[in-house]
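K.L.:
Here it is, the structure, as structure tokens.
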Amino acid sequence: MHRYLKLLYAVLIGLAIFTVIRLIIFTVYFDLFKENSAWSIFLALLHGIRFDTSIFLTIISPFIVLLLLPVNSQKYHKIIYWLMFPVYAVITIYLVIDAVYFGYVSRHLAGEFAALGNDYEFIYTMAKTYFYMVFIVLAIIAVCGFFWKKFADIKVKDVNISRNSLIKSALYFILIGGIVFIFIRSSFDIKPISTINAFVSGNNALANLTLNGLFTSLRYMTENEAVSKDMYSFYDDRQAHEFILSLKHENCTHPYTEIKRPNIIFILLESWSSYYVDAFSGSNMQLTPNFNRLASNRGGIIFSNHYSPERRSISAIQAILLGIPPMDNIPKLGFGLETIAGSGNLASNLKENGYDTVFIQASKRNSFYLDVIAKSIGFQEYYGMEDIKQILDYPDYKASQFGWDYETYMKLAEVLKNKGKDKPFFAFLFTGTTHIPYAEPNKINVKFPHDINSENGFKNTLVYADWSLGEFIKKIENEEYFKNTIFIFTADHVLGNFEKQEFPDDFKVPLLIWSPSFKGNQKITSSTNHVDLPPTILGLAGLNDNLSEYIGENIFCKDNNSYSIIHTWGSAAIIKNHEWLKHSFKYMLESSPKNMEQDEKDYLSKILLSYYQESYNIMTKGKK
């Protein structure tokens, strides 16, 4: 047999293992999938081959390299194939364990094995519980080993050791290696295939039918450090839950509005630090006149102590749309979080209660996997840079790597044109022009000598971004839905490049809630955070049944005794009453004021640790 053909058979045998286990999952747990059409189930099964191929070729790639070498030794080839068999056996065992686990939680393994650490007693107990299955699987593997021996013994044709043949072998090596690399990445985008790509259907059951436990586990472990079993266990779970619950407030003062089912437009502003916004900093930079006008006019509610939980856009999106704070050793949304997060999903909550849901971002569709993320978490429509047409003249339209805000706003205005009549909508827009490198905007908005990497460059894009926002409001203010709409503006994170801010102001971002239906304007000084926004939005929509799914609190319920939590890479910080304390999850770190009483430090520490424990428990609720 030709060695390349034998190698192909070996790969197909391995992929057959994945397919058989997937069909077993589909058959045994058919009730989980029966609500879906036969066609969508077929597509999910077919899509699964992509994930199987990617992870399987990743695992056996060293063997492929060894088998492609022009070695004329039957013994050499036989040894390599025999070394492959234990790998196939481990893959089979792991996939069977995953199939059993699937029956309990309706999803695949992710970081669970890593979380067990050295808990051999638990592993032994589980093996003993499923002894019959362990025996059956081992028996099947033993039988397969018999047939694998016959396969491994099949002789391969010798390679003609001549110059031309060696050149030919080298070319085949490069060609086959390239094909394997493409299948491993399974994507022609910059980013390789990820767990989130399985959720493109927006259906959790079908996504899990597509995935396999080996892919989700290895992606989790390679992209994120393992979470130990007790990493977020500081107190008794009930004690932590009741303590956090006791800190929440029952009395809420909502804006005066008679809208029962408001439309909600959420604008996430790229890198808008409070420092550059006069309405929040009290300065006179005059970079954001339109935003300042909304904040000071009738209907504007300013939250002057609002914090982004981290300095990453995806962390902000995760906090706002899922209510999950960034946590050490927990994957981010789009990078594995979706395999362990069990509750809290703002767009889905709204969609299930009759809202149309729209997601639009200025940057490319697959930036942060947001095209797939949007579908997977309940957005019915998604638009990105590829869907947005140029309108204005720019010195270089393609220079803005993260899109142009004006065109993005106009696209949203177009999308919303016929919405809000039969049912309300929730629209989420993520801007991009104010992201470094700062592309030079249209001439009327260039106020400073422009440079793509300087603060002046940022200021020009900020002026442009604010102007674009103003044009958007003008564009839609005569639409029928406008008077019944609540606008929420905040930033993903601070700029961080140029402003010299002390902690925690270097995490402070604007938060403005505005509506033409609100009466008066207001400034609220309580400490708030992005994780507070999902329950706030649900509260504004009159939907209070899902609030237990979120660690955050409706910001209209908070008072000056409330707190915010910030993730600071390897540690976290709590901000409360203009005091703050940092903690490594094992030890207290710095605090302010420096002479803070030990009792106060202990109290803040208890809040912070209980917060993360409760966050972890809420996040994994229904997924354990």
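The values are calculated or read from the model by the stated rules, or taken from the named source; none is laboratory data. For clarity, every value in this text was computed on a predicted model and none was experimentally measured. Quick reminder, even Gly has a Cβ in these numbers, built from the backbone with ideal geometry, and neighbours come from all protein chains shown.
K.L.:
Please go through the range 1-19 and give me each residue that is surrounded by fewer than 19 Cβ atoms within 10 Å (Cβ to Cβ) and more than 30 Å from A170 (Cα to Cα), ordered by number.
P.N.:
T19, the sole residue that qualifies.
K.L.:
Read through the list (1) outside any helix (DSSP H, G or I); (2) surrounded by 24 or more Cβ atoms within 10 Å (Cβ to Cβ), then give the number of the only condition that H254 fails.
P.N.:
Of everything listed in (1) outside any helix (DSSP H, G or I); (2) surrounded by 24 or more Cβ atoms within 10 Å (Cβ to Cβ), H254 misses just condition (2).
K.L.:
Does the range 580-614 hold any residues that are free of Cβ contacts under 8 Å to residues at least 24 places away in the same chain, of a type in the set (A, V, I, L, M) and in contact with a helix residue (DSSP H, G or I) (Cβ under 7 Å, 6 or more places away or on another chain), and which are they?
P.N.:
Hit for the range 580-614 is M588, nothing else.
K.L.:
Please determine, by comparing only the residues of the range 194-244 that are at pLDDT 85 or above and of a type in the set (F, W, Y), which one is farthest from H108 (Cα to Cα).
P.N.:
F243
K.L.:
Need the failing condition index for K606 against (1) over 20 Å from the mean Cα position of the chain (by Cα); (2) in a loop (DSSP other than H, G, I, E, B); (3) among the charged types (D, E, K, R), just the number.
P.N.:
Every condition holds for K606 apart from (2).
K.L.:
I would also like to ask the following. I'd like to check something: does the range 302-320 contain any residue that is without any contact (Cβ under 8 Å) to a residue 60 or more places away in the chain, more than 28 Å from P504 (Cα to Cα) and in contact with a helix residue (DSSP H, G or I) (Cβ under 6 Å, 6 or more places away or on another chain)?
P.N.:
Taking the range 302-320 and keeping what is without any contact (Cβ under 8 Å) to a residue 60 or more places away in the chain, we get 314, 318.
Next, only the ones that are more than 28 Å from P504 (Cα to Cα) stay: none.
There is no residue in the range 302-320 that is without any contact (Cβ under 8 Å) to a residue 60 or more places away in the chain, more than 28 Å from P504 (Cα to Cα) and in contact with a helix residue (DSSP H, G or I) (Cβ under 6 Å, 6 or more places away or on another chain).
K.L.:
Hey, can you tell me all the residues within the range 437-491 that are touching a Gly at 6+ places or on another chain (Cβ under 7 Å) and charged (D, E, K, R)?
P.N.:
Passing the criteria: D451, E480.
K.L.:
Among the listed residues K398, K411, identify the single one that is among the basic types (K, R) and in contact (Cβ under 8 Å) with a residue 24 or more places away in the chain.
P.N.:
Values: K398 fails: in contact (Cβ under 8 Å) with a residue 24 or more places away in the chain.
Only one candidate qualifies: K411.
K.L.:
Have a look at I49, I79 and point out the one that is within 22 Å of I193 (Cα to Cα), outside any loop (DSSP other than H, G, I, E, B), assigned by TED's automatic domain parsing to the domain that holds I184 and of a type in the set (V, I, T). Full working, then the answer.
P.N.:
Details: I79 fails: within 22 Å of I193 (Cα to Cα).
Exactly one of I49, I79 is within 22 Å of I193 (Cα to Cα), outside any loop (DSSP other than H, G, I, E, B), assigned by TED's automatic domain parsing to the domain that holds I184 and of a type in the set (V, I, T), namely I49.
K.L.:
Among the residues of the range 287-298, is any at positive phi and either surrounded by 19 or more Cβ atoms within 10 Å (Cβ to Cβ) or of a type in the set (S, T, N, Q) (or both)?
P.N.:
Taking the range 287-298 and keeping what is at positive phi, we get none.
No - not one qualifying residue is present in the range 287-298.
K.L.:
Taking the options I566, I555, I537, I551, name whichever one is part of a strand (DSSP E or B) and either in contact with a helix residue (DSSP H, G or I) (Cβ under 9 Å, 6 or more places away or on another chain) or in the same structural domain as D505 (by TED's automatic domain parsing) (or both). Let's see the steps before the verdict.
P.N.:
Numbers: I555 fails: part of a strand (DSSP E or B); I537 fails: part of a strand (DSSP E or B); I551 fails: part of a strand (DSSP E or B).
The unique qualifying residue is I566.
K.L.:
Restricting the range 389-416 to residues that are hydroxyl-bearing (S, T, Y) and assigned to a loop (DSSP other than H, G, I, E, B), which is farthest from N442 (Cα to Cα)? Before you say what the answer is, go through the steps one by one.
P.N.:
So the first thing to find is which residues in the range 389-416 are hydroxyl-bearing (S, T, Y), and the list is 394, 397, 400, 406, 408-409.
Cutting the leftovers down to assigned to a loop (DSSP other than H, G, I, E, B) gives us 394, 400.
Details: Y394: 5, S400: 12 Å.
Result: S400.
K.L.:
While we're looking at this one, here's another question. Going by the structure shown, is K351 farther than 30 Å from K398 by Cβ, among the charged types (D, E, K, R) and surrounded by fewer than 24 Cβ atoms within 10 Å (Cβ to Cβ)?
P.N.:
yes
K.L.:
Among the residues of the range 20-30, are any surrounded by 19 or more Cβ atoms within 10 Å (Cβ to Cβ) and not aliphatic (A, V, I, L, M)? I'd like the intermediate steps shown before the answer.
P.N.:
Here is the first cut: in the range 20-30, the ones surrounded by 19 or more Cβ atoms within 10 Å (Cβ to Cβ) are 21-22, 25.
Next, only the ones that are not aliphatic (A, V, I, L, M) stay: 22.
So far as the range 20-30 goes, yes, one or more of its residues are surrounded by 19 or more Cβ atoms within 10 Å (Cβ to Cβ) and not aliphatic (A, V, I, L, M).
K.L.:
Assuming K75 fulfils every condition listed in (1) among the charged types (D, E, K, R); (2) without any contact (Cβ under 8 Å) to a residue 60 or more places away in the chain; (3) buried (at least 17 other Cβ atoms within 10 Å of the Cβ) apart from one, which condition is it?
P.N.:
(3)
K.L.:
Does K582 count as part of a loop (DSSP other than H, G, I, E, B) and either among the hydroxyl-bearing types (S, T, Y) or touching a strand residue (DSSP E or B) at 6+ places or on another chain (Cβ under 7 Å) (or both)?
P.N.:
Values: part of a loop (DSSP other than H, G, I, E, B): no; either among the hydroxyl-bearing types (S, T, Y) or touching a strand residue (DSSP E or B) at 6+ places or on another chain (Cβ under 7 Å) (or both): yes.
So K582 fails the test.
K.L.:
Within the range 483-501, which residues are surrounded by fewer than 19 Cβ atoms within 10 Å (Cβ to Cβ), out of contact with any strand residue (DSSP E or B) (no Cβ under 9 Å at 6 or more places or on another chain) and either touching a residue at least 40 places away in the same chain (Cβ under 8 Å) or among the acidic types (D, E) (or both)?
P.N.:
G496, N497, F498, E499
K.L.:
On to the next question. Would you be able to tell me the number of residues in the range 519-552 that are modelled with pLDDT of 95 or more and among the acidic types (D, E)?
P.N.:
1
K.L.:
Starting from the range 361-382, keep only residues that are not assigned by TED's automatic domain parsing to the domain that holds L269, then list their pairs with residues that are among the aliphatic types (A, V, I, L, M) and assigned to a loop (DSSP other than H, G, I, E, B) whose Cβ atoms are within a distance under 7 Å, requiring at least 6 positions of separation or different chains.
P.N.:
If the second residue must be among the aliphatic types (A, V, I, L, M) and assigned to a loop (DSSP other than H, G, I, E, B), no pairs are left.
K.L.:
Kindly indicate which of P449, P424, P441, P437 is touching a residue at least 24 places away in the same chain (Cβ under 8 Å) and more than 28 Å from the chain's Cα centre (by Cα). Break it down into steps so the answer makes sense when it comes.
P.N.:
Numbers: P449 fails: touching a residue at least 24 places away in the same chain (Cβ under 8 Å); P424 fails: more than 28 Å from the chain's Cα centre (by Cα); P437 fails: more than 28 Å from the chain's Cα centre (by Cα).
Selected residue: P441, the only one of P449, P424, P441, P437 that is touching a residue at least 24 places away in the same chain (Cβ under 8 Å) and more than 28 Å from the chain's Cα centre (by Cα).
K.L.:
Now for a different question. Among the candidates K248, K191, K168, K260, single out the residue that is among the basic types (K, R), at pLDDT 75 or above and closer than 30 Å to W404 by Cα. Talk me through it step by step, then tell me what you get.
P.N.:
Numbers: K248 fails: closer than 30 Å to W404 by Cα; K168 fails: closer than 30 Å to W404 by Cα; K260 fails: closer than 30 Å to W404 by Cα.
The conditions single out K191.
K.L.:
Consider F131 against the criteria (1) modelled with pLDDT of 75 or more; (2) among the aromatic types (F, W, Y); (3) closer than 23 Å to V90 by Cα: it satisfies all of them except one. Which criterion is unmet?
P.N.:
Exception for F131: condition (1).
K.L.:
Here's a follow-up. I'd like the full set of residues that are in a helix (DSSP H, G or I) and farther than 22 Å from K423 by Cβ, limited to the range 480-522.
P.N.:
Filtering the range 480-522 for residues in a helix (DSSP H, G or I) gives 482-484, 505-507.
Listed by number, the residues that qualify are D505, D506, F507.
K.L.:
Considering only residues that are of a type in the set (D, E, K, R) and crowded, with 22+ Cβ neighbours inside 10 Å, look in the range 502-541 and name the one that is nearest to A572 (Cα to Cα). Steps first, answer last, please.
P.N.:
Taking the range 502-541 and keeping what is of a type in the set (D, E, K, R), we get 502, 505-506, 508, 519, 523, 532.
Narrowing the set further to residues that are crowded, with 22+ Cβ neighbours inside 10 Å leaves 508, 532.
Working: K508: 15, D532: 17 Å.
Only one residue tops the list, namely K508.
K.L.:
Let me ask you something else. Would you be able to say whether some residue in the range 611-620 is in contact with a Ser or Thr (Cβ under 7 Å, 6 or more places away or on another chain) and among the β-branched types (V, I, T)?
P.N.:
Yes, the range 611-620 contains at least one residue that is in contact with a Ser or Thr (Cβ under 7 Å, 6 or more places away or on another chain) and among the β-branched types (V, I, T).
K.L.:
Are any residues in the range 490-526 among the hydroxyl-bearing types (S, T, Y) and either within 16 Å of S281 (Cβ to Cβ) or under 25 Å from the mean Cα position of the chain (by Cα) (or both), and if so, which ones?
P.N.:
Kept after step one, since they are among the hydroxyl-bearing types (S, T, Y), are these residues of the range 490-526: 490, 515, 517, 525-526.
If the condition is that a residue be among the hydroxyl-bearing types (S, T, Y) and either within 16 Å of S281 (Cβ to Cβ) or under 25 Å from the mean Cα position of the chain (by Cα) (or both), then T490, T525 are the ones that fit.
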